[in-house]
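Report on the following structure.
What follows draws every value from the coordinates through simple rules; no lab data is involved. All values derive from a computational prediction rather than experimental measurement. All Cβ positions, even for glycine, are placed from backbone atoms using ideal geometry, and neighbour counts span all protein chains on display.
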Amino acid sequence: MLVHIFKTIWNRKRSNSLIIAEVAIAFMIVFAIASVAIRSYKLYVEPLGFEYHNMWNITFGDWNGSWQQQRDQAQLKQLINLLEQQPQIETVQLMKNPTFRQWRGSSSYEINGKKIHFFRNTMDDGAPETFGMNLIKGRWFGLQDKGQSYDPVIVNRRFVENFYPDEEPIGTNIAPNEKAEDSDLRERRIVGVFEDFRQMGELNELTPYVIYRYDRDYGYGNDRGGEIHSIELKMIPGITVAYEEKLMQLLSGVAPNWDFTISSWEKSRENALQETFLPLLLAAIIGGFLIFMVAMGLFGVLWQNVTSRTQEIGLRRALGATAKGIHLQVISELLIVTLLGVVIALVLLVQLPILGVFQELSWSLFWSGQAAAMLFMLLLSVSCAYYPGKLATAFSPAEALHYE
């Protein structure tokens, strides 16, 4: 049976070559959509590592001038004291890079011959607990870190797994061997390991992450006076956006030279998801339209092929072949042609993870994407072949032999 099917495919190689090309192109499109969808889903279901409910962000600063340590640090402390007195606010914290925004810093340097790369943030004492982060080992920042000769840092689990998998991370110095642009040679001592802090949201990649300590009196950085422009508020449950107007008046009264922007973490999360999903949705719509066109092409080419074989089918029926058997053969032929197109596409696509063209395309994601794409293409082929095959076998042998 298979030999006969392959002979039939070979005898119609000109028309089948068109189908194979269409299948290969469609498979690549489906593979791309499936891979992005699978990756996005896997990232989405990973824990954020913090709580965003009842959390507000205040972004502030004199955007027309530079940060002046003595003046602005004192003004910031006034703001914190005022906010802590408000009954609607449960906790006031400081964090350099707010959540769900494209604000983030990164560092790359060498430690004892080991190259490390991570994203970083800065928080004050109590911030990790307020944000609901999960401590795995060690401790959070505290007063015991004040005035020390080292800079305390906390790192996420992925940082330890990537760079210190066989070492005890607590107490490890992760300062660069040579002075870097964003640091001095002070010791950076790991005092705690947390699960994760996916600052930019659910659809961003999982990366090594390091958090530095912000001292409310002295700041942070090389000169111990690094600027910060973000205050994080944990509100008591039930506070609505109507409170923003009163809060803005309070802030402007203390710091009239600063501009303020107030937003909730929940709203920022919604905006971040929309900004990420909309391009993906647009790409999926375009891909779906292309796949629909390919499906129509397959349907039309197959209809023409089956119609031109009506006399052949009538002769086979006259010789004893059943309509069910011929129908199955038509479907089998298209499935084999589809598999040939898939194989050609796979030969091209497998070069992507081999050459490392896309860093996000791991081997596990590649095989998951190709499995989903292959299943889709096989189902599409059966759908396109079913009706033309059924129509061709509906003729009686006598009618088929006289069909023009």
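As an exercise, use a Förster radius of 51 Å and the Cβ-Cβ distance of residue 88 and residue 206 to find the FRET efficiency, rounded to the nearest 0.05.
Between residue 88 and residue 206 the formula returns 0.90.
Could you list log10 I(q)/I(0) for the stretch 63-257 at q = 0.11 Å⁻¹, which the Debye formula gives when each Cα is one point scatterer?
Log10 of I(q)/I(0), two decimals: -0.54.
With 28 Å as the limit, write out which pairs from 115/267; 77/246; 42/267; 137/234; 146/267; 77/137 have Cα-Cα distances beyond it, or answer none. Walk me through the intermediate numbers first.
Values: 115/267 37 Å; 77/246 19 Å; 42/267 23 Å; 137/234 25 Å; 146/267 35 Å; 77/137 31 Å.
From the list (115/267; 77/246; 42/267; 137/234; 146/267; 77/137), the Cα-Cα distance tops 28 Å for 115/267; 146/267; 77/137.
Report the calculated FRET efficiency for residue 129 and residue 357 (r = Cβ-Cβ distance, R0 = 60 Å), to the nearest 0.05. Don't jump to the answer; show the numbers that get you there.
On the way: r = 42 Å, r/R0 = 0.70.
Efficiency for this residue pair is about 0.90.
For residue 156, list long-range residues whose amide hydrogen, built 1.01 Å from N in the peptide plane, is under 5 Å from its own amide hydrogen.
Counting only residues 5 or more places away or on other chains, the set is 194, 209.
Could you go through the stretch 105-120 in sequence order and give the Karplus-derived ³J(HN,Hα) for each residue, using 6.51 cos²θ - 1.76 cosθ + 1.60 with θ = phi - 60°, rounded to whole Hz, and x for Gly and Pro?
x, 9, 9, 9, 7, 10, 10, 6, x, 9, 7, 10, 9, 8, 9, 9
Report the Cα centroid-to-centroid distance between the stretch 99-149 and the stretch 243-259 in angstrom, as an integer.
Here the two parts' Cα centres lie 30 Å apart.
Sort the following peptides by mean Cβ neighbour count (other Cβ atoms within 10 Å, averaged over residues), highest first: 153-165, 79-91. Please report the intermediate quantities before stating the final value.
Working: 153-165: 19.5, 79-91: 14.6.
Descending mean neighbour count gives 153-165, 79-91.
Less than 19 Å from a label point 7 Å out along the Cα-to-Cβ axis of residue 71: which backbone N atoms in the stretch 253-279 qualify, by residue?
Counting only backbone N, you get 253-260.
Report ³J(HN,Hα) in whole Hz for each residue of the stretch 46-54, in order, from the Karplus equation J = 6.51 cos²θ - 1.76 cosθ + 1.60 where θ = phi - 60°; Gly and Pro get x.
3J(HN,Hα) across the stretch 46-54, in whole Hz: 5, x, 5, x, 7, 9, 10, 6, 6.
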